[in-house]
Amino acid sequence: MHKETQKKGFTGASKYVLDDELARIVNISMALEMPLLLKGEPGTGKTMLAHAIAEAFDMRLIVLNVKSSMKLIDALYQYDTLTRLNDSRFGDSKRDVSNIEEYIRMGKIGQGFVSDERVVLLIDEIDKADTDFQDDMLDVLDQMEFDIIEIDKTIKAKNRPVIIITSNAKKDLSDPFLGRCNFHHIAFPEPDMMRRIVQIHFADIDRELLDSAVKTFYRLREIRGIEKKPATRELINWIRALKADPDFRVKDLIKGEVPFLGVLFKKSPDYVVAQNAAARFRV
Amino acid sequence: MRYALCAMRHASGVFMFVDFFYLLKKSGIPVSPTSFLRLQKALGMGLINSLDDFYTGARAILVKSERYFDLYDQVFAHQFKGAEFKEPDEVELSEMARALLDEWLKDPKGLAEALGIKEEDLLKLSPDELIKYFLDRLKEQTEAHHGGSKWIGTGGTSPVGHSGYHPGGMRVGGVSRNKSAVKVAMDRRYRDYSQQGPMTPSQMGEALKRLRNMVPFGPKDKVNIDKTIYETMRNAGEIEIVFDRSLKDRLKVILAIDNGGWSMEPYIELVQTLFNYARAQFKDLKTFFFHNTIYDYLWEDPPRRSKPLPVDELVRLDPETRFIIVGDASMAPYELMATDGSIHIEERSGRPSYERLKFIAKTFPHAVWINPKLAEEWPYTRSIHHIQEIFPMFELTLDGLEKAVHHIMRKN
């Protein structure tokens, strides 16, 4: 079954609406075996894409959540010195203390390399780490191997993972990094696309509610001076809140009332700004 | 139909595409020869079968920042606007192009022969030079078009026919969908992300990240417990203490905004919102206003009427305060230089603004001027020139803001 999908190329997954453009880019990147770098504002489904690819091709997904303090080595492997010291002092485990290899644990990239099956490797929010990390990581992903210094062993990738890298920053990554990736910027979905996304999450949604909720949502996004604009996730949660409220009527939205503003705007200065702006919606 | 697809792939893949590549490069998009060859590979693998595919595929492979997407759209629309169905008599040409493409991809020897140079010489060429060489031959062929016999391996019919060499002149085949790719390109969906122009409200979050760098660091005097444990274990239990830098006291910031002229109008709210959001990380943030340039007073209230602060009073503030001026610095030279320069009569004190600005720069060694006008316009305004003598000036763009923050955080 999944062989068939692989042949046909990526066309989407059950909870993910894929636009043609992105589907093409995913397929080209997979065929060229190149990492795909995705940028775009939060909530445009960058991370979801990796999940969707894994689902569509029935592959295991390994997620590396990049953190600012992270060193490349953490993503490759860890030498668990603490356990080894403990074992050597108290000696009550079955591990062989003189064999360091028993204390090496694979990091996320390492796991992707040693896996017997081809996996999807999602490297999430690469922009959080420093430039050295980014460049060194691409070296590893380029050569598909790394060394474990402690035991002088080279780990080679059994299968080249499908690599998806996401970045929230508008700032560009370094040139050598970009040179080795394909690139796509996911624009915020157009209202039409957004309606389809909402419909996937709420199959039975009332037409009137859908239209007016999406319309209000885009209107709220237009408010100036907002630090964190509400994204897809906020919209879905907001609609869920609206549907759950027995007192809510679609007419309220059309009249310009916006309940549960706090679901959409989560920073208090944003909330205040939005509240003032939303008050002006009323006609 | 199937054939048209094929033909398009090969004909445009080599000839049209070289042109397209150079046009992208000329328009300022940093496209690398490596990525160019990678696109050839994608074409060769049959991954790109329509102009739609080409539009997205080439963009994903060649263009590495959404800031260039708008430019790409423009170049693409320009290049492929006249694209229409392929005429049958060009069939053989596409065959030749296919042969050429294969040579390029798989057989350096063949390519060397075809181009009439030695293989060693060919290998010495960088991809960039190779492309250039290739392009030169292409030009040569265009000129010697009718009855020429110089071209690679065929009887001298050039694929580059009809209306000459230049973009738009060549015909590309494709399916009827090709119009949509061009149309998409012409929509210029990415205009907002374009690098050109000053900061927009949509870049707010990103700009904030720049400001977050305004955090001073102290000496390395804080124990990093995790690292200490790890290093100690590596040392087989011998204690090894690892230190990190500790955070120092937070910054004081004064923001002085020119809210006088209409030219500043779009940026006042933006800059104020920006710094207000960043407020939490500052020890103190004061905002003042002025019109065009600073004379004897700064104003705490935007209408500049009720809450004046004499500039002389600034000496009482901490000299470590970061002083950030936002203004277009564009005014008549006398406003800056004359002893009674101010256009507001009550502000005339006998000291030119130029001297007052110098005084501020001396009081606060960490001061910058941020200008919403783009740097390329600066040389044409004399007052900007003079103010640049006093304050380091940066554009109100993401890059400019980053540089300004970097400058202001320097130790001396």
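Okay, here's what the table says:
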{"quantity": "All positions within the stretch A:180-195 that are part of a helix (DSSP H, G or I) and out of contact with any helix residue (DSSP H, G or I) (no Cβ under 6 Å at 6 or more places or on another chain)", "calculated": "A:ASP192, A:MET193"}
{"quantity": "Tabulated pairs, the stretch A:223-243, first touching a residue at least 24 places away in the same chain (Cβ under 8 Å) and more than 10 Å from chain B (Cβ to nearest Cβ), second surrounded by 18 or more Cβ atoms within 10 Å (Cβ to Cβ) and among the small types (Gly, Ala, Ser), C-beta under 6 angstrom, 6+ apart or interchain", "calculated": "A:ALA231/A:GLY43; A:THR232/A:GLY43; A:ARG233/A:GLY43; A:ILE239/A:ALA213"}
{"quantity": "Among the candidates A:PHE188, A:PHE202, A:PHE183, residue that is modelled with pLDDT of 85 or more and farther than 23 Å from B:GLU402 by Cβ", "calculated": "A:PHE202"}
{"quantity": "Total residues in the stretch B:20-56, condition assigned to a helix (DSSP H, G or I), in contact with a Leu (Cβ under 7 Å, 6 or more places away or on another chain), within 10 Å of another protein chain (Cβ to nearest Cβ) and not hydrophobic (A, V, I, L, M, F, W, C)", "calculated": "3"}
{"quantity": "Unique match (being touching a helix residue (DSSP H, G or I) at 6+ places or on another chain (Cβ under 7 Å), at pLDDT 85 or above, crowded, with 17+ Cβ neighbours inside 10 Å and not β-branched (Val, Ile, Thr)) among A:ASP58, A:ASP124", "calculated": "A:ASP124"}
{"quantity": "Residue match in the stretch A:88-95 (condition: at pLDDT 85 or above and out of contact with any Gly (no Cβ under 7 Å at 6 or more places or on another chain))", "calculated": "no"}
{"quantity": "Test: residue in the stretch B:83-106 that is out of contact with any Pro (no Cβ under 7 Å at 6 or more places or on another chain), under 22 Å from A:SER29 (Cα atoms), at pLDDT 85 or above and part of a helix (DSSP H, G or I)", "calculated": "no"}
{"quantity": "So B:PRO379, is it buried (at least 17 other Cβ atoms within 10 Å of the Cβ) and under 23 Å from the mean Cα position of the chain (by Cα)", "calculated": "no"}
{"quantity": "Residue match in the stretch A:12-21 (condition: modelled with pLDDT of 85 or more, part of a helix (DSSP H, G or I) and of a type outside the set (Val, Ile, Thr))", "calculated": "no"}
{"quantity": "Scan of the stretch A:244-267 for residues that are in contact (Cβ under 8 Å) with a residue 12 or more places away in the chain, more than 27 Å from the chain's Cα centre (by Cα) and surrounded by fewer than 19 Cβ atoms within 10 Å (Cβ to Cβ), ordered by number", "calculated": "A:ASP245, A:VAL250, A:ILE254, A:LYS255, A:GLY256, A:GLU257, A:PRO259"}
{"quantity": "Hey, B:VAL311 touching a residue at least 12 places away in the same chain (Cβ under 8 Å), more than 31 Å from the chain's Cα centre (by Cα), within 19 Å of B:GLU355 (Cα to Cα) and surrounded by fewer than 16 Cβ atoms within 10 Å (Cβ to Cβ) or not", "calculated": "no"}
{"quantity": "Hits in the stretch B:63-80 - residues which are in contact with a Leu (Cβ under 8 Å, 6 or more places away or on another chain), hydrophobic (A, V, I, L, M, F, W, C) and within 9 Å of chain A (Cβ to nearest Cβ)", "calculated": "B:VAL63"}
{"quantity": "A:LEU220 more than 30 Å from A:SER115 (Cβ to Cβ), at pLDDT below 90, more than 18 Å from the chain's Cα centre (by Cα) and surrounded by 18 or more Cβ atoms within 10 Å (Cβ to Cβ)", "calculated": "yes"}
{"quantity": "Conditions (1) on the phi < 0 side of the Ramachandran plot; (2) in the same structural domain as A:MET48 (by TED's automatic domain parsing); number of the one not met by A:LEU220", "calculated": "(2)"}
{"quantity": "Boolean, A:ILE148 is under 22 Å from B:THR34 (Cβ atoms), at pLDDT 85 or above and surrounded by 14 or more Cβ atoms within 10 Å (Cβ to Cβ)", "calculated": "no"}
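Let's see how each residue does on (1) surrounded by fewer than 20 Cβ atoms within 10 Å (Cβ to Cβ); (2) more than 25 Å from A:ALA23 (Cβ to Cβ); (3) more than 12 Å from chain B (Cβ to nearest Cβ):
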site: A:LYS156; (1), (2), (3): yes, yes, yes
site: A:VAL162; (1), (2), (3): no, no, yes
site: A:HIS185; (1), (2), (3): no, no, no
site: A:PHE202; (1), (2), (3): yes, no, yes
site: A:LYS215; (1), (2), (3): yes, yes, yes
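Condition check ((1) part of a helix (DSSP H, G or I); (2) under 19 Å from B:ILE408 (Cβ atoms)) across all residues:
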| position | (1), (2) |
| --- | --- |
| B:VAL271 | yes, yes |
| B:LEU298 | no, yes |
| B:ASP301 | no, no |
| B:ARG304 | no, no |
| B:PRO319 | no, yes |
| B:TYR354 | yes, no |
| B:LYS373 | no, no |
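Yes or no, residue by residue, for (1) in contact with a Gly (Cβ under 7 Å, 6 or more places away or on another chain); (2) modelled with pLDDT of 80 or more; (3) over 16 Å from A:ALA23 (Cβ atoms):
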| residue | (1), (2), (3) |
| --- | --- |
| B:LEU24 | no, yes, yes |
| B:SER32 | yes, yes, yes |
| B:PHE36 | no, yes, yes |
| B:ALA42 | yes, yes, no |
| B:ASP53 | no, yes, no |
| B:THR56 | no, yes, no |
| B:ARG59 | no, yes, no |
| B:SER65 | no, yes, yes |
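The values are calculated or read from the model by the stated rules, or taken from the named source; none is laboratory data. Not measured: the values here are computed from a predicted model. In this analysis, Cβ positions are derived from the backbone assuming ideal geometry, glycine residues included, and neighbour counts consider all displayed protein chains.
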